[in-house]
Amino acid sequence: MLKYSLVKITSIDDKTSTNGIVDKFRNNTLTMFADEKTELKFNEEIFINIFDKDDGISIYSGVICNIFENTITINNVKYLFSNNRRDSNRIIVNIPLQINKIRKKSKEAITLSKPILMTSKNLSINGILLESPLNIPKNINFFIELPIDNNFISIETFTKRKYEKNNLYYYGCEFNIHNDSNNSYLENFILKNYNSKFFKYYPK
């Protein structure tokens, strides 16, 4: 069920981590393919975060029993807890964005003569929270170019909720992503930074 799900393993002190994908997970043993050579050690006790599109992120503990090239095997895997799907894969960010294109409902997209300046305040695989000093109608969709590491992900958003706080307006938006590559970039970015108390991300 979880084969090919994204996985992140971290040391107990949260100072060392390794990302990858699940190869096998059965009988309290998990095998994963790491993205790169790990700094975690044989017999080290670790936490395991497994990201699943349907269930969010589930947390386990375990002990590394074998490391061979980029394959890591973990024994004594014990389930700890799962977070709510909506909340578990959300990270706090601070990404300035320039919105150059919008759409009103099902009408054709409009390229703006002057960009709308907004800031992303949190981010998940499903959507984004945008902050703006402008009071924009809720039925407006935003086209954003989201900077993720060294890539830009083009996404159209659908505003699901809107509220005002301290003279600023907040737009809770859902993503419409049809590109598998873009979806993978976003998933990896979120998993890599999941568990940070406050992840403050400024794109280059």
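Tabulated data
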| item | result |
| --- | --- |
| Rounded tilt (10° steps) of 180-193 against the dominant C-alpha axis of the chain | 70 degrees |
| Gain on full stretching of the segment that runs from Glu69 to Leu117 - 0.36 nm per residue minus C-alpha separation | 12.7 nm |
| Rg followed by Dmax, in Å, when the chain is reduced to its Cα trace | 19.2, 59 |
| Debye log10 I(q)/I(0) for region 14-58, one point scatterer per Cα, at q = 0.14, 0.19, 0.28, 0.30 Å⁻¹ | -0.37, -0.70, -1.36, -1.41 |
| Where labels lie 7 Å past Cα in the beta-carbon direction, separation of Glu164 and Asn94 in nm | 2.6 nm |
| Per-residue HN-Hα couplings for region 21-33 [Karplus 6.51, -1.76, 1.60; θ = phi - 60°; Hz; x = Gly/Pro] | 10, 6, 9, 9, 8, 7, 6, 6, 10, 10, 10, 10, 9 |
| Trypsin sites (Lys or Arg not before Pro) lying in DSSP loop within region 17-76, provided at most 14 other Cβ fall within 10 Å | Lys37, Lys41, Lys53 |
| Where GluC sites (Glu not before Pro) in DSSP loops with at most 16 other Cβ within 10 Å are excluded, longest remaining stretch of the chain | 109-204 |
| Normalised contact order of the chain, rounded percent, pairs of Cα under 8 Å and 6 or more residues apart | 15 percent |
| Rough spin-label spacing in nm, given labels placed 7 Å along Cα→Cβ, for Ile12 and Arg26 | 3.1 nm |
| Order by protection proxy (mean Cβ within 10 Å, highest first), peptides 7-17, 111-121 | 7-17, 111-121 |
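Readers should treat all values here as calculations from the given coordinates under stated rules, not as data from a laboratory. Quantities reported herein were computed from a predicted structural model and do not represent experimental measurements. We place every Cβ from the backbone using ideal geometry, glycine too, and count neighbours over all the protein chains shown.
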